[in-house]
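The values are calculated or read from the model by the stated rules, or taken from the named source; none is laboratory data. Because the structure is predicted, anything quoted here is derived from the model rather than measured. FYI the Cβ positions are ideal-geometry reconstructions off the backbone, even for glycines, and counts take in every protein chain you see.
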Amino acid sequence: MKIKVGFGFDVHQLKDGHPFVVGGVNLVHHKGAYGHSDADVLLHAICDALLGAANLRDIGFHFKNTDPQWKGISSLILLKETVKLLAENGFQVGNIDAMLCLEAPKINPHIPKMQENIASTIGMDVADISIKATTNETMGFIGREEGVVAYAVCLIEKQTSS
Ligand SMILES: [Zn+2]
């Protein structure tokens, strides 16, 4: 068995009146993330961790932000496509651990739903998907609610004959 780790990072601007989709959950907030797809910062970081682990470049390489095909699309679809790409290369996802950094709104109540969205999209056990959240203690662009950041790591496995 071959085991590999991957790391992902993503950032999006927050703008007044934009929808705020995180982990496939539509958060009720006066601001939301701005981007080409649904700007789901958590799923983008996870996709990049998965692609990185398999050494398959990054999310922008596979889902170009100039391609109308991906405009406004749910990032759960991008996640599904990413896991399909890994499977085509013989990889299975072991676990995912992700961290969200944002000042508001409170993420904790939404974490079970986010885990469920991810698990059901890519056929994993909820127990293997960890999502955590922290504020930036009011400092910097995250603290001023100008942006939202997510980090993710994952482990992927490939069966080998030897
Ligand atoms: Zn993104």
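Between Val83, Val41, which is among the aliphatic types (A, V, I, L, M), in contact with a Gly (Cβ under 9 Å, 6 or more places away or on another chain) and more than 29 Å from Glu145 (Cβ to Cβ)?
On the way: Val41 fails: more than 29 Å from Glu145 (Cβ to Cβ).
Matching residue, one of Val83, Val41: Val83.
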_Single residue of region 1-22 satisfying the filter (within 13 Å of the ligand (Cβ to nearest atom) and among the aliphatic types (A, V, I, L, M)) that is farthest from Ser161 (Cα to Cα)_ = Leu14
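Would you please name the residue that is surrounded by the most Cβ atoms within 10 Å (Cβ to Cβ), looking only at residues in region 122-143 that are more than 21 Å from Cys154 (Cβ to Cβ) and out of contact with any strand residue (DSSP E or B) (no Cβ under 8 Å at 6 or more places or on another chain)?
If we filter region 122-143 for residues that are more than 21 Å from Cys154 (Cβ to Cβ), which is where we start, we get 135-143.
With the extra rule that they be out of contact with any strand residue (DSSP E or B) (no Cβ under 8 Å at 6 or more places or on another chain), the set shrinks to 137-140, 143.
Details: Glu137: 9, Thr138: 10, Met139: 10, Gly140: 13, Gly143: 15.
Among those that are more than 21 Å from Cys154 (Cβ to Cβ) and out of contact with any strand residue (DSSP E or B) (no Cβ under 8 Å at 6 or more places or on another chain), it is Gly143.
Against the condition aliphatic (A, V, I, L, M), touching a helix residue (DSSP H, G or I) at 6+ places or on another chain (Cβ under 9 Å) and either within 15 Å of the ligand (Cβ to nearest atom) or farther than 21 Å from Leu76 by Cβ (or both), how does Leu43 come out, does it pass? Steps first, answer last, please.
Details: aliphatic (A, V, I, L, M): yes; touching a helix residue (DSSP H, G or I) at 6+ places or on another chain (Cβ under 9 Å): yes; either within 15 Å of the ligand (Cβ to nearest atom) or farther than 21 Å from Leu76 by Cβ (or both): yes.
Taking the combined requirement at face value, the residue satisfies it.
Sort out for me the helices (runs of 4 or more DSSP H) sitting completely within region 31-121 that have 3 or more residues that are closer than 16 Å to Gly8 by Cα and in contact with a strand residue (DSSP E or B) (Cβ under 8 Å, 6 or more places away or on another chain). Steps first, please.
Numbers: elements: 41-53, 59-62, 75-88.
By residue number, 41-53, 75-88.
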*Under 6 Å between Cβ atoms, at least 6 apart or on separate chains: pull out the pairs that start in region 66-94 with a residue that is more than 18 Å from Ala53 (Cβ to Cβ) and end on any residue that is β-branched (Val, Ile, Thr) and at pLDDT 95 or above.*
Leu76/Thr121
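Are any residues in region 23-39 away from the ligand (no atom under 11 Å from the Cβ), on the phi < 0 side of the Ramachandran plot and touching a residue at least 24 places away in the same chain (Cβ under 8 Å), and if so, which ones? Write out each step before concluding.
At the first step, the residues of region 23-39 found to be away from the ligand (no atom under 11 Å from the Cβ) are 23-32.
Next cut, on the phi < 0 side of the Ramachandran plot only: 25-32.
If the condition is that a residue be away from the ligand (no atom under 11 Å from the Cβ), on the phi < 0 side of the Ramachandran plot and touching a residue at least 24 places away in the same chain (Cβ under 8 Å), then Val25, Leu27, Val28, His29, Lys31 are the ones that fit.
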_Looking at Ile46, Ile59, Ile77, Ile96 in this structure, which one is hydrophobic (A, V, I, L, M, F, W, C), at pLDDT 95 or above and in contact with an Asp or Glu (Cβ under 6 Å, 6 or more places away or on another chain)?_
Ile59
